[in-house]
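Derivation of every value follows stated rules applied to the coordinates shown; laboratory data play no part. These numbers come from a predicted model, not from an experiment. All Cβ positions, glycine included, derive from the backbone under ideal geometry; neighbour counts span all protein chains shown.
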Amino acid sequence: MSRGWLLSWAAGSVALGGASLVVPLYVVSLGGDSFALGLLASAAAFVGVPGALVFGRLADRTGHYRAFVLAALLIVSGMLVVIPLLPTISSVIAANAAIWFAFAAGTPVVTLLAVSTAPETQWSTQIAELNKYQGIGWALGLLLGAIWGAVTAYTGGLAGGTAGLFYVLAGFGGIGIVLGARYLPGASQERSVSETKLKRAIRQADRFSIRAVTFPLTVGRADYRSLHPGRLVDRFTPTLAVYFFAVTLFFLGFSAFFAPLPAFLADSGFTDDQIFAFYLISSLASAVFFTGAGTIAGRMDVAVFQAIGLGIRGLAMPAVAVGVLALGSTSTGVVVTAGIFAAIGFTWSVIAVTGGTIVTQLSPAALHGEALGVYAALGAFAGGIGSILGGRLGTESYLLAFAVAGGFVLLGAGLVVVLQRCRTGQNSEKPTERESSVGTGSIEAE
C-alpha cells in the first residue's frame, strides 16, 4: 500500500470531515430547524448499511476494488459542488445522503483493497495505517472549516463564505480522485481476500474512528460480505443480545444529541468557525486520550470502564445546553462549551476502546467478525432513529432534546453495569470455568 494510495483516501476524508458539519450549517442558513437537521442526519445514517453491504459484495465478486473507490470519491466531490447550488432543504438532504452512501459504500471496499496486495501477516498493520490517514484527513477537514469561517468573517465574505468552503472541500475530493487514479492498484494486481482472515485482521487492528466522535451515524470498518443478520440472531448468546440492546440505547442517545446540535449552536450566536472549532476540539481530545484509554482498559474491567465513559458523556450532553443557555456565546461561554466538547471527545475514546472488546468477549469465537459487523450496523440504525427523535424534540426545546439524549446514554450505561454484575455473579458461582481474558470479574465469551 503506497503512500500515494493513503494520501488519496486521506484527501477524500478531508472532504468528508468538512462536509459532516458544513452541510448541516448550510441547512440552517436555508432556514432549516432542528427537525430538518434530524432528517438530514437520519437519511445519512439509514443509507450506510445498504451501501456497505452492496458495494462490499459487488467489489468482492468483480475484483475491481479500484473502480468502486474512485466512484465513491467522485460522488462525494460531485455532491459537494452541487449542494451550494440547491435552493431547498429536501434537495440538500438527498444530496447529503448520496455523500454518506458513497462513504459507507467505499469504506469496506477500501479496506479490502488495503489488504488485497499485502501478505496476511501485514493486514492488521495495513488497516491500522489506513485508519490513521482517514482520521487525519477528517480532522483536517474540520480544521479547514474553522479556518475558512474565520477568514470569511475577517474579510467580510470575500473568501466566498459557505459556498466557497464547499468548493474547496470538493477540490480535496478531486485530489483524492487524481491520486487514486495514479496510485490505486489496478485489477491485475488484485486478488481474493479470505473473509475469516480479514475479520481477524480488523479485530486486531486499531478500530478507533475519529469521525465517530461527533458523527456517530455511519457504519464502521467491518467485513460485511457475509453478514446475514437472521442467521446470526439464532446463534447470538443472551448476554450479547442484552449488550446489543445497550448499544442501541446509547447510540440512539449520541445521535439524538448531535443531530440538532449545529442548529442549537448557531441559534445561540456562535459563528461557523467557532462551531467547527468545537467539533475539532472534541475529535482531537479523543485522539489524544485514545492510547491512555487503551492502557486503562487493560488494567480494569472493560464493562465498568465503558459505563464510566458513557456516564460522563450522558451528563455532558445536557451540560452543553445548560452552559450555553446560561453563558451564551460570550468569551466565557466559548471556553466552557469548548471544555464540555473536550470531555465528550475524551469519553468517545473510552467507548471506542471498550466496545469492540466487549462484543468480542461476549460472542462465540466463530462469530466474532459477524458480531462486530452487527455492532457497527446497530450504531448506524440507532443513529437514524435517534436523529429524528433529537431533531423533533429540539423544535420544542433544545434542553429537552439533550436531556433525553443523555438519558438514553445513561440507560445504556446502566444496562452495561447490570450485564457486568450478572456475568460476575455467574463467574463466581462457577469457579471451574475458564478465566476471563481481561481480568477478575470482567465479561468473558460464552
- Query: Just how far, in whole angstrom, is region 237-275 from region 134-150 if you go by their alpha carbon centroids?
  - Reply: 21
- Query: How far apart, in nm, are two points set 7 Å out from the Cα along the Cα-to-Cβ line at Ser29 and at Val335?
  - Reply: 3.1
- Item | Residue order, fewest to most surrounding Cβ atoms within 10 angstrom, among Thr347, Thr330, Thr271 | Thr330, Thr271, Thr347
- Protection-proxy order for peptides 19-26, 174-181, 400-407, each taking the mean of Cβ atoms within 10 Å per residue, highest first: 19-26, 400-407, 174-181
- Query: Taking other Cβ within 10 Å of each residue's Cβ, how do Glu370, Glu396, Glu129 sort, fewest first?
  - Reply: Glu396, Glu129, Glu370
- Query: Taking the highest mean first, how do the peptides 316-325, 7-16 order by number of other beta carbon atoms within 10 angstrom per residue?
  - Reply: 7-16, 316-325
- Query: Quick one: Karplus J couplings for region 370-377, per residue in order, coefficients 6.51, -1.76, 1.60, θ = phi - 60°, nearest Hz, x for Gly and Pro?
  - Reply: 5, 5, 5, x, 5, 4, 5, 5
- Peptides 284-293, 84-93 ordered by average Cβ neighbours within 10 Å, highest first: 284-293, 84-93
- Could you list Ser387, Ser282 in order of exposure, starting from the residue whose Cβ has the fewest other Cβ atoms within 10 Å? Ser282, Ser387
- Note on the structure: In order over region 316-328: 3J(HN,Hα) from phi, Karplus 6.51/-1.76/1.60, θ = phi - 60°, whole Hz, x for each Gly or Pro, gives 5, 4, x, 5, 4, 5, 4, x, 5, 5, 7, 10, x
